[in-house]
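This report refers to the structure that appears directly beneath it.
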Ligand SMILES: [Zn+2]
């Protein structure tokens with residue numbers, strides 16, 4: 001949480017983001033243990049964030065090996081400076097696409113958004129649980145995001 005806030009404030013009022021890393025607990029909860037930042041070649045604009053994929057993949061692999069494969073990709077996070085933490089239409093599409101992409105390693109990806117930026121940030125997080133026919137955008141549910149702090 002501390003790192004996320006630091007990265008968010010450092011780019012404010014431009015968007016930033018990265019990956020959420022952790023594991024799925026026995027009860028199915030996603031447990032976030034750390035995060036990956038945007039990377040040196042990421043692009044930050046007022047209304048968009050485009051991560052540095054090579055950096056993200058390398059960081060993810062490093063983390064995966066360091067934890068003997070226990071901790072891996074759980075989802076993504078990004079900021080909405082001067083807005084709220086609700087998912088945009090594009091965020092929802094992105095989340096659905098990640099869930100459908102088998103190489104992502106998860107069918108239930110998380111998306112965490114820090115909204116705000118004018119002095120405070122609010123954290124919103126959803127976990128993709130599925131799509132019901134005809135109710136595409138209603139099928140995002142806030143479930144559980146546990147942030148472990150050390
Ligand atoms: Zn967004």
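The values are calculated or read from the model by the stated rules, or taken from the named source; none is laboratory data. Keep in mind that what you see is a predicted model, and the values were worked out from it rather than measured. Note: ideal-geometry Cβ built from the backbone for every residue, glycine included; neighbour counts use all protein chains shown.
Couple of notes before you dig in:
- Summed over region 68-84, the residues that are within 21 Å of residue 107 (Cα to Cα) and more than 9 Å from the ligand (Cβ to nearest atom) give a count of 9.
- Of the residues making up region 36-49, those that are within 18 Å of residue 110 (Cα to Cα) and at pLDDT 95 or above number 3.
- Region 51-65, residues that are within 13 Å of the chain's Cα centre (by Cα) and either loosely packed, with under 15 Cβ neighbours inside 10 Å or within 16 Å of the ligand (Cβ to nearest atom) (or both): 51
- Of all residues assigned to region 85-97, at least one qualifies as being within 24 Å of residue 5 (Cα to Cα), within 12 Å of the ligand (Cβ to nearest atom) and exposed (fewer than 11 other Cβ atoms within 10 Å of the Cβ).
- Whether a residue is crowded, with 18+ Cβ neighbours inside 10 Å, more than 9 Å from the ligand (Cβ to nearest atom) and outside any helix (DSSP H, G or I) was assessed, and residue 112 passes this test.
- Restricting region 1-34 to residues that are within 13 Å of the chain's Cα centre (by Cα) and more than 18 Å from residue 87 (Cβ to Cβ), the residue that is surrounded by the most Cβ atoms within 10 Å (Cβ to Cβ): 22
- Just so you know, in region 115-130 the residues that are closer than 15 Å to residue 13 by Cβ and not in a strand (DSSP E or B) include one that is modelled with the highest pLDDT, and it is 120.
- Tallying residues that are within 10 Å of the chain's Cα centre (by Cα), at pLDDT 90 or above and on the phi < 0 side of the Ramachandran plot within region 66-108 yields 6.
- Subset tally (residues that are surrounded by fewer than 17 Cβ atoms within 10 Å (Cβ to Cβ), touching a residue at least 40 places away in the same chain (Cβ under 8 Å) and closer than 20 Å to residue 34 by Cα) for region 68-84: 1
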